[in-house]
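> Below is one structure. I have some questions about it.
No lab work stands behind these numbers, since they all come straight from the coordinates. These numbers come from a predicted model, not from an experiment. Because the Cβ atoms are built from the backbone with ideal geometry, glycine has one as well, and the counts that use them run over all protein chains shown.
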Amino acid sequence: MGKFDGFNVISADYKKVAGQGIAVDLLIPSKLTAGLYPVIVRFHGGGYVSGSSLYEPWFPQWVLDLAIAKNAIIISPNYRLLPESSGLDILEDLDDLRRWMKFGLNLKLSYFSTGLRADLDRIITQGDSAGGHLSIQFAWDHQEVKACIALFPSLNLESPHFSGVNNTLPPGSISLVDQHLAHVGNIKPSSDMTLTRFPLITAMIREGRFLEFFGINSRLFPFKTLEAGAKLPPLFILHGTDDTIVPVEGSKAFVKRLLEKNPDSKVVLTIQPGEHGVSAGFTMKHPWLVEGLKLVTDAWKA
């Protein structure tokens with residue numbers, strides 16, 4: 001059995017860039033009939049260079065459990081990937097996704113099943129790693145979002161871990177990133193189901209070139225957005241203490257500053273032992289999830 005067996009999965013292009021479609025997948029619990037249902041917008045991880053909306057090993061089981069338990073429709077988009085595109089291109093895709101949700105989502109659902117509709121006043125976001133950052137960004141940019149979940153999110157993108165040179169190339173060697181860019185042409189990838197691109201993020205970080213491709217616009221950096229006065233809906237962050245890919249210190253510092261700026265913020269920060277991706281196989285009732293999920297699902301009902 002596959003993870004998505006309890007769902008009907010339908011796909012659409014929510015936008016096109018130079019004739020290339022960027023897909024969004026809708027996961028609809030099989031039991032749903034005509035009615036108005038809440039929404040989970042789920043952003044995949046992959047270091048901004050890899051991953052895909054339906055890459056099953058990285059799709060949290062508990063998110064699927066939550067959708068079935070709460071009769072929710074999951075919206076899982078792809079987005080343009082580095083290094084062919086930039087961080088601002090990714091945020092533009094998120095803005096266009098929200099526009100499509102407003103004007104195209106329920107039309108698409110009506111083609112699938114008459115009377116089936118998404119309740120756009122009851123949205124929560126969820127994402128892991130790079131997708132955790134995008135989950136928070138989407139909630140910032142679209143204030144109608146009721147709550148936000150971020151798993152081991154990449155938030156402190158200006159830290160030496162992401163922006164410093166961690167391992168210089170030996171003399172005469174060719175950068176993996178440059179080698180890749182020499183062969184890509186005009187294609188702007190928005191999905192990597194096989195994860196063949198994943199070594200690119202390791203190379204960018206090792207060579208100290210992540211910001212060269214991601215960009216330096218202040219909108220790209222969660223701490224700068226926070227300092228500018230942005231407020232978040234109820235927020236649940238889960239992060240492993242042993243994370244070597246996205247250090248847990250970023251999540252700790254973010255929550256600390258969020259509460260300093262906005263003492264009334266509702267936030268659950270769950271820090272537990274584990275590496276990056278620690279929660280992928282959890283069910284909805286895992287003890288590390290209970291407190292955070294109560295916070296966000298209560299806000300969903302408000």
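> From the set of residues in region 137-155 that are over 8 Å from the mean Cα position of the chain (by Cα) and among the aliphatic types (A, V, I, L, M), which is surrounded by the fewest Cβ atoms within 10 Å (Cβ to Cβ)?
Checked region 137-155; the qualifying residue surrounded by the fewest Cβ atoms within 10 Å (Cβ to Cβ) is Val145.
> What do you reckon, is Asp128 among the acidic types (Asp, Glu), within 30 Å of Ala253 (Cα to Cα) and crowded, with 23+ Cβ neighbours inside 10 Å? Please lay out each step first, then the result.
Details: among the acidic types (Asp, Glu): yes; within 30 Å of Ala253 (Cα to Cα): yes; crowded, with 23+ Cβ neighbours inside 10 Å: yes.
So Asp128 fits the description; yes.
> Being within 28 Å of His276 (Cα to Cα), out of contact with any Phe, Trp or Tyr (no Cβ under 7 Å at 6 or more places or on another chain) and in a strand (DSSP E or B) narrows it down to one residue among Ile136, Ile123, Ile149; which is it?
When all the criteria are applied, what remains is Ile123.
> Within region 41-52, track down each residue that is under 23 Å from Ala118 (Cβ atoms) and crowded, with 24+ Cβ neighbours inside 10 Å.
Residues satisfying the conditions are Val41, Arg42, Phe43, His44.
Results for (1) touching a residue at least 24 places away in the same chain (Cβ under 8 Å); (2) surrounded by 20 or more Cβ atoms within 10 Å (Cβ to Cβ); (3) closer than 20 Å to Pro38 by Cβ; (4) more than 10 Å from the chain's Cα centre (by Cα), shown as yes or no for each residue.
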| position | (1), (2), (3), (4) |
| --- | --- |
| Ile75 | yes, yes, yes, yes |
| Leu88 | yes, no, no, yes |
| Lys108 | yes, no, yes, yes |
| Ser113 | yes, no, yes, yes |
| His133 | yes, yes, no, no |
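Per-residue answers, yes or no, for (1) touching an Asp or Glu at 6+ places or on another chain (Cβ under 6 Å); (2) closer than 27 Å to Val278 by Cα; (3) of a type outside the set (Ser, Thr, Tyr):
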residue	(1), (2), (3)
Phe214	no, yes, yes
Lys231	no, no, yes
Leu238	no, yes, yes
Thr244	no, yes, no
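> Counting only residues that are of a type in the set (S, T, N, Q) and more than 29 Å from Val184 (Cα to Cα), give me the strands (runs of 3 or more DSSP E) lying completely in region 1-100 with at least 1 of them.
The strands (runs of 3 or more DSSP E) meeting that bar are 7-17.
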